[in-house]
Amino acid sequence: MASTILKRTSFSSSSGLRIGGVSLRYFATKVEAGTDIVAATPHNVSLQKARSWDEGVSSNFSTTPLKDIFKDKRVVIFGLPGAYTGVCSQQHVPSYKNNIDKFRAEKVDSIICVAVNDPYVMNAWAEKLQAKDAIEFYGDFDGSFHKSLGLEKDLSAALLGPRSQRWSAFVVDGKVKVLNVEENPSDFKVSGAEVILKQI
Amino acid sequence: MERVANRSRSRSIIKKSAPSRDMAPIAVGNVIPDGTLSYFDDKDDLQSVSVHSLAAGKKVILFGVPGAFTPTCSLKHVPGFIERAEELKSKGVDDILLVSVNDPFVMKAWAKSYPENKHVKFLADGLAKYTHALGLELDLGDKGLGTRSRRFALLLDDLKVKVANIESGGEFTVSSAEEIIKAL
């Protein structure tokens, strides 16, 4: 399976990179194995925990700083193009939800799902998928988290606008140990739970 | 139903807010701008449609909300139009269109949460382009929503705006179904 796993090592950011016909445009993916996720993102980048509007009001619409998510923890995080879309709902999230016990056996502290959606949509979607017990859902509503890691993707052709790649990563104390990014956001080859379980 | 604020019987109720940078808010007497909205049809195919093609030659209510799956939108504004759809139709309204700055997948999921809905069409203005053309954007970045739409309800007759009930933000006073029925 090694050939299907795109373990990113450093590459030139000037010319961009073509992988499988998909151009990485302006710059190559910034995040790679060894990146410190907290250090790589600007201070004002944070994520919004999936919540209902009332919870938002009572928490004063607080955001979650990345270090609260990653510091001193073993985290498996996966990102996907959009809540309520096909592969995301039918394959990507279930793959992690169904393997929760295996992740716990590997002493993974949290499993995180992130997408460029607002936290209320993420919350409604997580409830629909009955996945809130196993997985923590976060909204990257303005795409700033993904942009700062170079994982953004323009999906205007699919009428989704600026979104993210489909990806997964294993992050220990903020440092990326493993990163898997699909060539195409509609693929589901390298970013599933089974793949990353073998890499932890 | 919500008690709406007391006001004069003016047909155009626009609450003052910070002026939008480019477009003045849509108003009575304007011709509604054209734009593209998207949705999933009965066969689950993604469709894009021009607003003019939906509204030309017809009496149409176009109402907008800040966001799918947020309470006032979900629990008060939208149900009001769903519940009174038959009444609106009996008063000559041909179609009831709901627009929000959300993608069509989210709008489809949100529409499904109203199984009783027969007439309201849920349309996606994913990049806020149409909302911008209407001059009704609202910055809700501090709530984790980004650029959205003010809450509003318009009555269109062959593309001409006859009634424009526009909130200054997301509050729910003049934009209800109840309020626009009075104008029919």
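Taking a straight line from the alpha carbon of B:K59, these aspartates and glutamates sit under 15 Å away, with near neighbours fewer than eight places off in the same chain left out: B:E86, B:E87, B:D94, B:D95, B:D157, B:D158. Counting only protein heavy atoms and a 1.4 Å probe, chain B has 45 square angstrom of accessible area per residue. Here the simple spin-label model places points 7 Å from the Cα toward Cβ, and for A:Q91 and B:A56 these points are separated by 4.1 nm.
With the cut-off at 32 Å, tell me which of the pairs A:K189/B:K143; A:K30/A:K198; A:K97/B:K108; A:K132/B:K76 have Cα atoms farther apart than that. Distance filter (> 32 Å) returns A:K189/B:K143.
Per residue of A:120-126, other chain Cβ atoms within 10 Å of the residue Cβ number 5 on average. Pick from A:R104, A:R166, A:R74 the residue whose mean-square fluctuation is largest in a GNM of chain A, springs joining Cα atoms under 10 Å. Largest GNM mean-square fluctuation: A:R104.
A Förster radius of 45 Å, combined with the Cβ-Cβ distance separating B:K118 from A:V172, puts the computed FRET efficiency at roughly 0.30. Ligands, DNA and RNA excluded, the heavy atoms of A:V176 present near 10 Å² of accessible surface to a 1.4 Å solvent probe.
Give the accessible surface of chain A per residue, rounded to a whole number of Å², with probe radius 1.4 Å and ligands, DNA and RNA excluded.
About 45 Å² of surface per residue is accessible.
At 20 °C and 1.002 mPa s, what whole-number value in µm²/s does Stokes-Einstein give for the translational diffusion of the protein assembly as shown, with Rh from the Kirkwood sum over Cα pairs? It comes out at roughly 97 µm²/s.
Shape of the range A:60-200 from its Cα gyration tensor (a ≥ b ≥ c, root eigenvalues): rounded if a/c is under 1.5, otherwise prolate when a/b > b/c, or oblate?
rounded
If the chain between A:K198 and A:H43 were fully stretched, how many nm would it gain, using 0.36 nm times the residue separation less the Cα-Cα distance?
Gain in length upon complete extension: 52.5 nm.
Ordering B:L155, A:F188, B:S48 by Cα displacement along the dipole of the protein assembly as shown toward the positive end leaves B:L155 in first place; charges were set at the Cβ atoms of Lys, Arg (+1) and Asp, Glu (-1).
Using only side-chain charges placed at the Cβ, +1 for Lys and Arg and -1 for Asp and Glu, the dipole size of chain B relative to its Cα centre rounds to 640 debye. The charge dipole of the protein assembly as shown, taken about its Cα centre with unit charges on the Cβ of Lys, Arg, Asp and Glu (plus for the first two, minus for the last two), comes to roughly 300 debye.
Of the residues A:F70, B:F172, the one with the largest accessible area comes first in the ranking B:F172, A:F70, computed with a 1.4 Å probe on protein heavy atoms.
Provide the net charge surrounding A:Y84, with neighbours chosen by a C-beta distance below 11 Å and charges set as Lys +1, Arg +1, Asp -1, Glu -1.
Details: positive: A:K128, B:K108, B:K112; negative: B:D103.
Around A:Y84, the surrounding residues sum to +2.
Using a Gaussian network model of chain B in which every pair of alpha carbons under 10 angstrom is joined by a spring, one finds that among B:T131, B:T70, B:T147 the greatest mean-square fluctuation is at B:T70. A prolate overall shape is assigned to the range B:64-118, the ratio a/c of its alpha-carbon gyration tensor axes (a ≥ b ≥ c) being 1.5 or greater and a/b exceeding b/c. The calculated FRET efficiency for B:E86 paired with A:S156, based on their beta-carbon distance and R0 = 45 Å, is about 0.75. In terms of its C-alpha gyration tensor, chain B has a rounded overall shape, because the principal axis ratio a/c (a ≥ b ≥ c, square roots of the eigenvalues) stays below 1.5.
The values are calculated or read from the model by the stated rules, or taken from the named source; none is laboratory data. As the structure is a prediction and not an experimental result, all values here were calculated from the model. Here Cβ is always computed from backbone atoms with ideal geometry, including for glycine, and neighbour counts include all displayed protein chains. Ligands, DNA and RNA are excluded from the accessible area calculation, which covers all protein heavy atoms including side chains. Shrake-Rupley method; radii C 1.70, N 1.55, O 1.52, S 1.80 Å.
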